[in-house]
Every structure is written in structure tokens, then in C-alpha cells.
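Undergrad: Provided herewith is a single structure, encoded as C-alpha cells, for subsequent inquiry.
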Amino acid sequence: MIDRATVDRIVDAAKIVDVVGEFVTLRKSGVNYKGLCPFHDDKNPSFMVSPAKNICHCFVCGKGGTPAGFLMEHEQITYPEALRWLAKKYNIEIVEKELTDEERQEQSARESMFIVNEWAKDYFHRLLKEDPDGIAIGKQYFRSRGIRDDIIEKFQLGYALPKRDAMSSAALKAGYKAEFLVKTGLCYEGDNSSLIDRYRGRVIFPWFNVSGKVVAFGGRLLDSRTKGVAQKYVNSPDSDIYHKERELYGLYQAKRAIVKEDRVFMVEGYTDVIAMHQAGIENVVANSGTALSLHQIHMLHRFTQNITLLYDGDEAGIHAAMRGTDMLLAEGMNIKVLLLPDGDDPDSFARKHSAEELRKYIDENQTDFITFKSRLTVENVSDPVKRSDGIGGIVKSISVIPDQILRSTYLTDFSQRIGMKEQTLIAEMNKYIRKEIEERTRPQPLPVREGSGQTSGQDATTANNSIYSPPSQGGVGGESSPPLQEQASQIELLLVRELVRHGEEIIYDNVETDDGQTISLSVAEYIDFDLSQDQLTFASPLNVQILTEAVTHCKEPGFKAETYFCSHPDPEVSRLATRLAIDRYQLGGRFVMQPREGSLRDRVSHLVADFRLDILRNELKEIDQKLHQLQQQGNRLPEQIELLKKHKETKEYCDLLAKRQGRELIV
């Protein structure tokens with residue numbers, strides 16, 4: 001458990017720009033910051049970070065929150081884990097009681113897997129530095145590759161003893177369960193359910209996720225044992241905490257350099273990354289020989305849109321450079337390619353050259369992807385069929401680029417390079433674009449209900465709406481409203497926004513009541529009091545909860561509604577509060593409007609009146625519908641007269657409210 005005082009220190013110290021900046025490249029935008037949302041496929045920056053409010057929010061998918069809330073969503077961790085992450089970042093000491101056996105058993109499997117991996121990383125690293133075999137075999141291998149001790153520390157490289165159960169025995173002795181040794185992939189079960197170490201006799205490369213947690217390992221056989229061996233490397237299998245298509249080796253160590261340089265170098269292997277770091281180039285990651293996935297591209301795109309593919313100059317290197325490039329282009333990445341001289345990979349080339357020589361070679365020899373592909377598949381190709389296929393492949397690659405100007409520029413350059421009319425290439429490109437649009441917009445099969453045949457179009461629409469209704473496009477601040485708030489009107493949301501932003505602020509001070517008493521009313525108390533006069537309430541249970549808690553806490557010393565609700569332990573409350581607390585567009589400097597005295601009171605009182613008027617309008621519509629139904633049924637005159645009387649009374653009340661608001665009621 002973390003005591004309350006420590007939690008308060010952590011919350012006070014955490015700065016939203018610092019925390020989000022660890023994962024997202026942010027650009028100044030007025031008084032706020034903007035970046036690509038890390039929670040959805042974002043091509044245009046929609047993720048707003050407010051230093052003043054210390055919160056963040058995406059105006060497309062709606063996710064965000066306080067520093068701790070952001071970490072919980074991004075890293076899929078618990079609130080205590082997020083606090084520990086922040087405490088480590090801001091050097092705040094946390095003193096926690098020792099967990100009992102019972103409490104240890106209650107830890108989630110996911111957290112247990114991270115704990116086991118962290119122990120294993122330290123175990124392998126300690127063997128490399130302290131064990132006689134680790135020093136003589138493991139460390140000697142790294143030194144033979146020219147890897148310095150500081151780089152070994154930076155990447156926490158290690159060594160696994162060759163005995164088949166050396167690591168598992170040490171783990172069990174330290175109190176870690178066999179279940180999690182298997183789940184993480186550190187071991188696998190042999191005969192009689194015995195544990196066998198997966199990485200025995202190998203040097204170890206830990207994989208860190210973007211926030212620095214150990215998610216997996218790679219183990220390499222030593223040089224003397226790799227002759228005739230097809231699989232030099234053994235990597236962790238997929239698990240609850242590791243999916244190879246979602247991770248990039250070296251990203252944790254590279255992310256700051258990627259942002260600083262506004263470019264990332266993509267290489268194939270662990271040692272390529274390490275050698276580049278040792279040569280002074282730190283903005284480098286590896287996909288470990290697998291094809292790039294959309295998730296990996298989105299992860300890189302948060303830090304930069306510029307990527308250089310750096311591979312060997314042999315056939316395998318060329319194939320690696322060609323793989324996944326259309327996906328990179330389609331996601332708005334600017335691609336450059338550099339193939340190293342034959343016989344060299346990034347590891348060997350970096351070891352042969354100084355950092356200055358390496359940077360100079362990269363700058364002088366990297367080329368944009370279209371030029372690279374043109375040289376490879378079109379230029380100096382005499383076979384008409386192969387040349388035509390090459391041209392078609394390049395035009396197809398250009399067609400996926402989302403930026404129309406960049407697409408046109410590439411096409412013009414390519415036309416001049418191969419001496420073909422640009423109009424011909426444009427016509428071919430349009431074919432690819434039309435085909436892609438047709439595939440994307442092709443109608444999907446209508447849903448089939450259980451126990452029945454194909455639904456009709458009308459029934460299908462109803463079925464779809466019962467599962468999910470598209471959010472309104474006119475939400476507060478211009479953003480879409482999440483499904484949870486669909487039952488709430490926009491006026492209700494505007495009222496709740498005032499509750500979140502100003503709930504504790506006094507808008508009626510020293511007001512005399514009918515019995516001669518003097519009271520003061522905050523925003524929350526005024527809304528609650530006014531609505532209760534007519535026994536009105538919010539439509540959304542979440543909004544009711546916010547109003548109730550605001551009224552309960554508004555008199556407490558130091559209570560600030562915005563901070564309270566944005567940091568609320570209920571993620572639904574926190575998410576809604578963050579969305580309502582942050583403005584998508586905000587003026588700065590001399591353009592900032594200073595609120596006039598009484599403006600908050602006027603705004604809240606008008607919104608309460610509008611809310612009441614909105615409810616009455618809905619009542620009138622319901623009465624009209626009931627009258628229409630009775631008229632169709634016939635012989636229901638007494639009921640019709642009663643409804644007409646109710647309609648008249650409600651209409652008169654609506655007219656009175658509308659007149660007070662200075663509006664003409666139209667029904």
C-alpha cells in the first residue's frame with residue numbers, strides 16, 4: 001500500500017507534458033501541446049495536452065486523463081503501478097509494507113509475469129558480470145564483437161548458464177512460481193513436467209517495451225556453436241505481455257533520440273542496434289527480421305514520421321527493404337533506404353567506422369524509397385514485361401501515400417526519371433486508388449439474427465443500432481460524445497461541464513432565504529437546488545453521480561472539482577471529466593478573454609433554464625405523439641381532452657420560460 005501523503009506528493013509532482021512526452025512527440029499549439037493520439041490510428045494530431053490543467057484528451061477517440069490515468073490506459077497497468085512509475089520518474093521514495101503470502105498470491109498474472117521477467121533480466125546480467133563462466137564465455141563474446149561495458153549496461157545484456165535448469169532452479173529458490181516461468185517463455189516443460197531453461201548456454205538480449213518494462217528475451221548461441229545451426233537466435237514466444245508484432249527492439253533506449261533527431265533508423269537485429277548506439281547513433285530500432293506491423297508503424301509515428309531502412313546490400317537485405325514499405329507510405333511515413341556495401345551489415349559497418357564517418361555515409365547515400373525502388377526494378381531493365389511490372393509496382397506504392405501534394409511530387413519525379421508521360425502514370429495510379437476505395441467501401445453482409453434467416457435492411461439497421469449507435473458529431477467542444485453519454489442532451493453535457501470546471505465556485509453569496517437566513521451557493525449546489533424544485537434529474541447516471549459527488553464535497557477545504565473528477569478512481573468519470581475540462585482550441589497571450597463579474601452565474605442559470613425548457617419540449621413531443629395515436633384509435637375523446645389540457649398547460653409554461661430567456665418557442 002502507498003500512503004496518502006506519498007500519493008499526494010506523486011500527483012503534485014507529475015507533469016502531464018513530461019509524462020505524455022515519453023510516448024508521444026508533442027508540438028506547441030497556443031498554450032497547449034498537440035500530438036498524434038497513441039490510442040488509435042491517428043494521422044492528424046488530435047491529442048491535446050494541457051499543462052495548465054495537467055490533463056490530456058483525444059478529440060477523436062476520447063481517451064486521455066491525468067498523468068496517472070494516461071499511464072493506466074497506455075500501459076494497461078493498475079493505478080498503484082502508475083503511481084510507482086511516476087514516483088520513479090520524479091525520484092520520490094515509496095515506502096511500502098512487505099507483501100504477505102496471501103497478498104502476493106492476489107497479484108495479477110500479468111504483473112507477476114513482469115516481475116519474473118525483471119528478476120530474470122537481473123539474474124542473466126549478474127551472471128555476465130560476476131559468474132566465472134559468464135565472464136569467461138559471455139562477456140568475452142561481447143568483447144569479441146567490440147561491445148563496450150557501458151553499452152552492456154545500457155542494454156542490460158546477460159548470459160545464461162548451459163545447465164538445463166540453472167535459471168529455473170534459481171527462480172524457484174527465490175520464490176517465483178513455475179507457472180509464470182512457463183507463461184513468460186523463460187522455461188518450457190519437459191518430461192515429467194520438469195522445467196527446462198529456454199536460453200541455456202546463450203548470451204541474452206532483454207526486450208524492453210516503450211515504458212521500460214521487460215517483456216521478452218532473445219538468446220544467441222555463441223560463435224563456436226553456430227556452425228551448421230539454422231537457428232542462432234531463440235526468442236520469447238508470444239505471451240500475455242509480449243506480442244512480437246507489437247514490439248520493436250531498442251525503442252525504449254532510442255525514443256528520446258528519435259524525437260530529438262526527428263528520424264528513426266530501422267535495422268534487422270539486436271547487434272545492429274547495439275553497434276549503432278556504440279557508434280553514437282542512438283535513434284535506431286530493430287524489427288528482428290519480421291515484417292513490420294501496423295501497430296509498430298503507429299508506435300514509431302508517435303515519435304517521428306521519418307524513417308530510414310538500413311540493411312545489408314545482399315539479396316536478403318534488398319528483400320527486407322522492400323517488405324512493408326507500402327504500409328509505411330500509407331501511414332504517412334517518409335521513407336529513405338540505405339543498403340550497405342556487400343558483405344557488411346549495420347553491425348560490422350558501424351564497427352569499422354567512426355560515428356562521423358557513419359553519419360556522413362548515411363547522409364550521402366540514403367535515398368528516398370521511390371528512387372530506390374526505381375533503380376532496382378525499372379532502370380537498366382530491358383525486358384518490357386519486367387519493366388512494366390516494375391513501373392506498376394512503383395505507381396501502386398505512390399498511390400497509397402495519403403498526402404496528395406507529396407503523391408503528385410513523387411509521380412512527377414518518377415515520370416521524369418523513366419521518361420514516361422506523367423498523364424499515363426496518373427491514369428494508372430487512379431486505377432489503384434479507385435480499386436482501393438471500392439474495396440474499402442464495399443458493403444458488408446447484413447447481420448443475421450440467431451434462429452432466423454437474413455435480416456431485412458430495416459431490421460439490420462435496428463440490430464446494428466441496438467449494439468452501437470454512432471456518437472453525435474456535435475459534442476461539447478466539437479468532439480464526438482462517447483456512447484455512454486448518448487442519452488444525455490447537449491444542454492445536459494454543458495451543465496455537467498460547468499460542474500466539472502467550476503463546481504466548487506460560489507456564484508450566489510450571502511443570499512437571503514424566505515425565512516430570513518443567509519446562504520451561499522456554489523455551482524454544484526445551485527444546479528442541484530434548482531433542479532430539485534421540480535424534481536428534475538439528469539438523464540445519464542454518470543452525470544447524476546458527478547452532481548451528487550460535487551454537492552457532497554464542494555464545502556470541503558481545498559476541494560477543486562476539476563482536479564477531483566479528472567483524477568477520479570472510476571475511469572468512466574475520469575474520462576468524461578477530462579473530455580469536458582479541456583478545450584480543443586484555446587487562445588493565448590493578448591487574445592485571452594478575461595471573464596466579467598457574474599458571467600459564470602449568468603451562464604449556469606441560463607443553462608439550468610435551458611435544461612428545464614428542453615425537458616418540457618420533450619414532454620410536448622410525447623403528448624403530441626400520444627394524441628396522434630388516440631386519434632387513430634378513435635372513441636378515446638375523454639383521454640384526448642385530458643391530453644389537450646396537459647398540452648396547453650405545458651405549452652404555457654414553456655412560453656413563460658422561453659420569454660424569460662428572451663426566446664420564441666417553436667414547437
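The values are calculated or read from the model by the stated rules, or taken from the named source; none is laboratory data. As the structure is a computational prediction, the values presented were derived from the model and not from experiment. We place every Cβ from the backbone using ideal geometry, glycine too, and count neighbours over all the protein chains shown. Protein only, heavy atoms only, side chains kept; ligands, DNA and RNA dropped before computing areas. Shrake-Rupley method; radii C 1.70, N 1.55, O 1.52, S 1.80 Å.
Undergrad: Conditions: (1) at pLDDT below 85; (2) exposed (fewer than 13 other Cβ atoms within 10 Å of the Cβ); (3) in a helix (DSSP H, G or I). THR552 meets all but one. Number of the miss?
TA: (1)
Undergrad: Does segment 244-276 hold any residues that are open to solvent by less than 40 Å² (accessible area, probe 1.4 Å) and in a loop (DSSP other than H, G, I, E, B), and which are they?
TA: GLU247, LEU248, GLY250, GLY269 - these are the residues of segment 244-276 that are open to solvent by less than 40 Å² (accessible area, probe 1.4 Å) and in a loop (DSSP other than H, G, I, E, B).
Undergrad: Can you tell me which residue in segment 239-255 is modelled with the lowest pLDDT, limited to those that are under 17 Å from ILE307 (Cβ atoms) and of a type in the set (Gly, Ala, Ser)?
TA: Looking at residues that are under 17 Å from ILE307 (Cβ atoms) and of a type in the set (Gly, Ala, Ser), I get ALA254.
Undergrad: When the residues of segment 142-170 are narrowed to those that are part of a helix (DSSP H, G or I) and open to solvent by less than 10 Å² (accessible area, probe 1.4 Å), which ends up nearest to HIS277 (Cα to Cα)?
TA: Among those residues, the one meeting the criterion is ILE151.
Undergrad: Looking at segment 632-643, which of its residues are touching a helix residue (DSSP H, G or I) at 6+ places or on another chain (Cβ under 7 Å) and in a helix (DSSP H, G or I)?
TA: Answer for segment 632-643, where residues must be touching a helix residue (DSSP H, G or I) at 6+ places or on another chain (Cβ under 7 Å) and in a helix (DSSP H, G or I): GLU639, GLN640, LEU643.
Undergrad: Still on this structure: Does segment 277-297 contain at least one residue that is within 21 Å of ARG145 (Cβ to Cβ) and assigned to a helix (DSSP H, G or I)?
TA: Checking segment 277-297: at least one residue is within 21 Å of ARG145 (Cβ to Cβ) and assigned to a helix (DSSP H, G or I).
Undergrad: Another question about this same structure. Can you tell me which residues in segment 359-399 are among the basic types (Lys, Arg) and farther than 23 Å from ILE281 by Cβ?
TA: Selection gives LYS373, ARG375, LYS386, ARG387, LYS396.
Undergrad: VAL385: in a loop (DSSP other than H, G, I, E, B) and more than 19 Å from VAL267 (Cβ to Cβ), yes or no?
TA: When the stated conditions are applied, VAL385 does not pass them.
Undergrad: Is it true that some residue in segment 358-370 is touching a helix residue (DSSP H, G or I) at 6+ places or on another chain (Cβ under 8 Å), open to solvent by 90 Å² or more (accessible area, probe 1.4 Å) and either aliphatic (A, V, I, L, M) or in contact (Cβ under 8 Å) with a residue 60 or more places away in the chain (or both)?
TA: Looking for residues that are touching a helix residue (DSSP H, G or I) at 6+ places or on another chain (Cβ under 8 Å), open to solvent by 90 Å² or more (accessible area, probe 1.4 Å) and either aliphatic (A, V, I, L, M) or in contact (Cβ under 8 Å) with a residue 60 or more places away in the chain (or both), one finds none in segment 358-370, hence no.
Undergrad: Exactly one condition in (1) outside any strand (DSSP E or B); (2) open to solvent by 50 Å² or more (accessible area, probe 1.4 Å); (3) among the hydroxyl-bearing types (Ser, Thr, Tyr) is false for SER239; which is it?
TA: (2)
Undergrad: Restricting to segment 527-549, name every residue that is surrounded by 20 or more Cβ atoms within 10 Å (Cβ to Cβ) and more than 20 Å from THR578 (Cα to Cα).
TA: Hit for segment 527-549 is ILE527, nothing else.
Undergrad: Same structure again: Of all residues in segment 30-52, count the ones that are closer than 19 Å to ASP583 by Cβ and open to solvent by 40 Å² or more (accessible area, probe 1.4 Å).
TA: Adding up the residues that qualify gives 8.
Undergrad: Give the residues of segment 62-85 that are under 13 Å from the mean Cα position of the chain (by Cα), open to solvent by 50 Å² or more (accessible area, probe 1.4 Å) and not basic (Lys, Arg), sorted by residue number.
TA: MET72, GLN76
Undergrad: Right, another one. I need the full set of residues from segment 1-23 which are open to solvent by less than 30 Å² (accessible area, probe 1.4 Å) and under 12 Å from LEU71 (Cα atoms), in order please.
TA: Those that are open to solvent by less than 30 Å² (accessible area, probe 1.4 Å) and under 12 Å from LEU71 (Cα atoms): ALA14, ILE16, VAL19, VAL20, GLU22, PHE23.
Undergrad: Looking at (1) assigned to a helix (DSSP H, G or I); (2) modelled with pLDDT under 75, which is the one condition that is false for GLU438?
TA: GLU438 satisfies every listed condition except (2).
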